[in-house]
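S.K.: The structure under discussion is supplied below as structure tokens; questions concerning it will follow.
The values are calculated or read from the model by the stated rules, or taken from the named source; none is laboratory data. Because the structure is predicted, anything quoted here is derived from the model rather than measured. Every residue, glycine among them, receives a Cβ derived from its backbone with ideal geometry; neighbour counts consider all protein chains shown. Accessible surface areas use protein heavy atoms only, side chains included; no ligands, DNA or RNA. Shrake-Rupley method; radii C 1.70, N 1.55, O 1.52, S 1.80 Å.
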Amino acid sequence: MNKNSKIEILQKMIQIPSVNDHETDVADYIISLFAPYPEVEFEKVEYAPGRDNLVVTFGDPTGPTFGLSGHMDVVAAGNEADWKFGPFSGTIQDGKVFGRGASDMKSGLAAVVSAMLELLETGTKLNGQIRLLATVGEETGEYGAAQLTKAGYADDLVGLIIAEPSTDMKEMVYTARGVIDYEVTSTGKGAHSARPWLGINAIDNLWDFYHLAKKRLSKFSHGDPILGHVTHEITKISGGEQVNSIPAQAKYMGNIRTIPEYPNKMFYAELESVLAELNSKEGYDLSLRYSFPEESIIGSADTPLAKTAAKIYQDVFHEMPKLTGSLGANDGAEFLQAKGDFNSLVCGPGSDISHQANEYVDVAIYLKAIEFYKQLALKFVG
């Protein structure tokens, strides 16, 4: 493949507006790229109408399978007036490709696809398989990765690279914090605010839950040397009807970022204990639900995957990467629940301009990423 073909693949992916939906359009484009190669197997796995995960596999099925992964969804573009170019234009200027997803993470996905296509184009013989796991819904809960994992597509991998952006590809992430998104709903009884004793204030009861939960969770105070401390923040709140009425309902959403020392089940136990304690009191009617929680990723910089990737990175980029952890979650938390004993590593083009207006990726780094993924896959199944 020539340089222009590789860049065109990225541009075309950016031009597909898969904003928290419509991933099937991206999957169909990827399938069209692999269609000329009869030895390639691909399967769309439907999550919802218009939202298909994609699995692409080729190579020798009697050998090990090396996984490459990227998600096909992007976040919303926001105010288009803030963009220098159209958010779905894929415009090239000053050695950069601009557009929503240019960093997070269509550049990583396009680089993985391009690396696989180059191996097919050159007829490279493999002693194992390479498998692309292209997912839906990473930005809103990693449920595409969860679906593929439950269906067995990640079972018994020899290693997994997730091409999420990692600070202009200068970092390799081998461990990550987990996440628990939870929602508490408080049901009260409406009344005129002049006669509050006739009602039950749902907001008051919700605040009681909030304060008690913050106090109970504060005991998880130890820090991880790579990932830092647990965080617990209230990120969304709503309730009440109007200023002169006692609110009959209120709810808030909380976000907890966990570390390996404290598995998610410890937080569930505390939150549910608070729920039971308050609901045992007169006038309290609280409910609790979780939204796509993810366990933290336990990893090491000394695994064969991390060591091999660092060596190849040095050969391609002529410098050493930083082996580190991530404060955010990624699809690896789901894939690592598959059968087998393997590690994942997050390393991809893009930087901290993800989710912002004028998101971009440096073309030179994108092209080096393709070479990096290709050489790394060959080390494991070549």
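S.K.: For the charge dipole of region 239-347, defined by +1 on Lys and Arg C-beta atoms and -1 on Asp and Glu C-beta atoms about the Cα centroid, which residue among ALA310, MET253, MET266 has the Cα displaced farthest towards the positive pole?
M.R.: Working it through, the farthest residue towards the positive pole turns out to be ALA310.
S.K.: Carbon-plus-sulfur fraction of the accessible area of region 1-152, 1.4 Å probe, in percent?
M.R.: About 48 percent, which is the carbon plus sulfur part of the accessible surface.
S.K.: Can you give the extra length, in nm with one decimal, that the chain gains between HIS355 and LYS307 once fully stretched, where that is 0.36 nm per residue apart less the Cα-Cα distance?
M.R.: 14.2 nm
S.K.: Sticking with the crude label model, points 7 Å out along Cα→Cβ, report the distance from LYS214 to GLU39 in nm, one decimal please.
M.R.: Placing both labels 7 Å beyond Cα along the Cβ direction yields 6.0 nm.
S.K.: Using R₀ = 35 Å, calculate the FRET efficiency as 1/(1 + (r/R₀)^6) where r is the Cβ-Cβ separation of GLU121 and ASP341; round to 0.05.
M.R.: Result of the calculation: an efficiency of 0.60.
S.K.: Which GluC sites (Glu not before Pro) does region 1-41 hold that lie in a coil by DSSP with at most 11 other beta carbons within 10 Å? Could the numbers behind the result be given before it?
M.R.: Details: sites: GLU8, GLU23, GLU39, GLU41; in loops: GLU39.
Sites meeting the loop and neighbour criteria: GLU39.
S.K.: Among LYS44, LYS311, LYS265, which one shows the biggest mean-square fluctuation in a GNM of the chain, springs joining Cα atoms closer than 10 Å?
M.R.: LYS265
S.K.: Give the lysines whose C-alpha is closer than 23 Å to that of LYS84, dropping any in the same chain fewer than 8 places away, or say none.
M.R.: Within reach: LYS12, LYS96, LYS106.
S.K.: To continue, here is another question. For GLY340, what charge total do you get from the other residues with a beta carbon under 15 Å from its beta carbon, if Lys and Arg give +1 and Asp and Glu give -1?
M.R.: Details: positive: ARG131, LYS150, LYS339; negative: ASP155, ASP156, GLU334, ASP341.
That sum, taken over residues with Cβ under 15 Å, equals -1.
S.K.: Could you state the orientation-averaged shadow area of the convex hull built on the Cα atoms of region 173-222, in nm² to one decimal?
M.R.: Numbers: hull surface 21.0 nm².
Mean shadow area of the hull around the Cα atoms is 5.3 nm².
S.K.: Follow-up. Based on DSSP, what percent of beta bridges with both residues in the chain are antiparallel, to the nearest 5? Numbers along the way, then the final one.
M.R.: Details: 49 of 70 bridges.
DSSP beta bridges in the chain are roughly 70 percent antiparallel.
S.K.: Given region 256-316 reduced to its alpha-carbon atoms as identical point scatterers, what log10 I(q)/I(0) does the Debye formula return at q = 0.17, 0.20, 0.21, 0.25 Å⁻¹?
M.R.: Results for region 256-316 at q = 0.17, 0.20, 0.21, 0.25 Å⁻¹ read -0.74, -0.86, -0.89, -1.01.
S.K.: Provide the descending list of Cα extents for the chain along its principal axes, expressed in whole angstroms.
M.R.: The Cα atoms of the chain stretch 79, 45, 36 Å along the principal axes, largest first.
S.K.: Show me the three semi-axes of the equivalent ellipsoid for region 82-167, from the C-alpha gyration tensor (sqrt of 5 times each eigenvalue), largest first, rounded to whole Å.
M.R.: Calculated on Cα positions only, the semi-axes equal 28, 20, 9 Å.
S.K.: What FRET efficiency comes out for the pair LYS322/ASP94, r = Cβ-Cβ distance, R0 = 25 Å, nearest 0.05?
M.R.: After rounding to 0.05, the efficiency reads 0.45.
S.K.: Send over the Kirkwood Rh of region 242-382, from the inverse of the averaged 1/r over different Cα pairs, rounded to one decimal Å.
M.R.: It works out to 19.5 Å.
S.K.: Another one. Please compute, over every Cα-Cα pair in region 17-73, the percentage with a separation greater than 19 angstrom.
M.R.: For region 17-73, the share of Cα pairs beyond 19 Å comes to 33 percent.
S.K.: If you keep only loop residues by DSSP, which GluC sites (Glu not before Pro) in region 290-382 have at most 11 other Cβ atoms within 10 Å of their Cβ? Could the numbers behind the result be given before it?
M.R.: Working: sites: GLU294, GLU295, GLU319, GLU334, GLU359, GLU371; in loops: GLU295, GLU319, GLU359.
Sites meeting the loop and neighbour criteria: GLU319.
S.K.: Sort ASP331, ASP362 from largest to smallest accessible area, using a 1.4 Å probe on the heavy atoms of the protein chains.
M.R.: ASP362, ASP331
S.K.: Right, another one. Using a simple spin-label model with points 7 Å from Cα along the Cα→Cβ vector, what separation in nm is obtained for GLN242 and LYS265?
M.R.: Spacing of the two 7 Å Cα→Cβ label points: 5.0 nm.
S.K.: Would you mind computing, in nm to one decimal, how far apart the modelled labels at ALA364 and LEU198 are, each placed 7 Å from Cα along Cα→Cβ?
M.R.: 7.4
S.K.: For the cross-link pairs LYS311/LYS368; LYS236/LYS265; LYS3/LYS125; LYS307/LYS379; LYS6/LYS170; LYS125/LYS379, which exceed 19 Å when the distance is taken from alpha carbon to alpha carbon?
M.R.: Values: LYS311/LYS368 14 Å; LYS236/LYS265 23 Å; LYS3/LYS125 23 Å; LYS307/LYS379 12 Å; LYS6/LYS170 21 Å; LYS125/LYS379 12 Å.
Those over the limit are LYS236/LYS265; LYS3/LYS125; LYS6/LYS170.
S.K.: Find the eigenvalues of the gyration tensor of the Cα atoms of region 194-287, then list the square roots of 5 times those eigenvalues as equivalent ellipsoid semi-axes, largest first, in whole angstrom.
M.R.: Rounded to whole Å, the semi-axes are 31, 14, 9.
S.K.: How big, on average over all directions, is the shadow cast by the Cα convex hull of region 17-169, in nm²?
M.R.: Here the figure is 9.9 nm², rounded to one decimal.
S.K.: Calculated FRET efficiency, ASP155 and SER5, Cβ-Cβ r, R0 41 Å, to nearest 0.05?
M.R.: For ASP155 and SER5, the calculated efficiency is 0.80.
S.K.: State in Å² the accessible area per residue of the chain; use a 1.4 Å probe, count heavy atoms of protein chains only, and round to the nearest integer. Don't skip to the end; give the middle numbers.
M.R.: Working: 16360 Å² over 382 residues.
Per residue, the chain has an accessible area of 43 Å².
S.K.: Could you identify which residue out of ILE246, ILE256, ILE161 has the top mean-square fluctuation in a GNM of the chain using Cα springs shorter than 10 Å?
M.R.: ILE246
S.K.: Shifting gears a bit: Most fluctuating residue of GLN11, GLN93, GLN337 in a GNM of the chain with Cα springs under 10 Å: which is it?
M.R.: Comparing GLN11, GLN93, GLN337 in the GNM, the peak value goes to GLN93.
S.K.: Right, next: For VAL363, tell me the accessible area in Å² from a 1.4 Å probe, rounded to the nearest 10.
M.R.: Counting only protein heavy atoms, VAL363 exposes about 20 Å² to solvent.
S.K.: Also, quick follow-up: Straight-line reach from LYS339: which lysines have a Cα under 20 Å away, not including same-chain ones fewer than 8 places off?
M.R.: Within reach: LYS150.
S.K.: Another question, then. Which value in Å does the Kirkwood hydrodynamic radius of region 306-373 take, with 1/r averaged over all unlike C-alpha pairs and then inverted?
M.R.: Values: mean 1/r = 0.0713 Å⁻¹.
Evaluated on region 306-373, it is 14.0 Å.
S.K.: Express in Å², to the nearest 10, the accessible area of HIS192 obtained by rolling a 1.4 Å probe over the protein heavy atoms while all chains stay in place.
M.R.: Rounded to the nearest 10, that gives 90 Å².
S.K.: Over region 262-328, what percent of the accessible surface lies on carbon and sulfur atoms, probe 1.4 Å? Write out the running numbers ahead of the final one.
M.R.: Details: 1910 of 3560 Å².
Carbon-and-sulfur percentage of accessible area, whole number: 54.
S.K.: Now a separate question. Inverting the mean 1/r over all pairs of different Cα atoms, compute the Kirkwood radius of region 106-234 and quote it in Å.
M.R.: For region 106-234, the Kirkwood estimate is 20.1 Å.
S.K.: Hey, another quick one. Kirkwood Rh over Cα pairs of region 139-198 into Stokes-Einstein at 10 °C, 1.306 mPa s: D in µm²/s?
M.R.: Details: Rh = 16.9 Å.
Estimated diffusion coefficient is 94 µm²/s.
S.K.: Using the alpha-carbon atoms, what tilt in degrees (0 to 90, nearest 10) does helix 264-279 show relative to the longest principal axis of the chain?
M.R.: 20
S.K.: With viscosity set to 1.567 mPa s and temperature to 4 °C, compute the Stokes-Einstein D of region 46-106, Rh being the Kirkwood radius across alpha carbon pairs; µm²/s, no decimals.
M.R.: Numbers: Rh = 14.7 Å.
The diffusion coefficient I find is 88 µm²/s.
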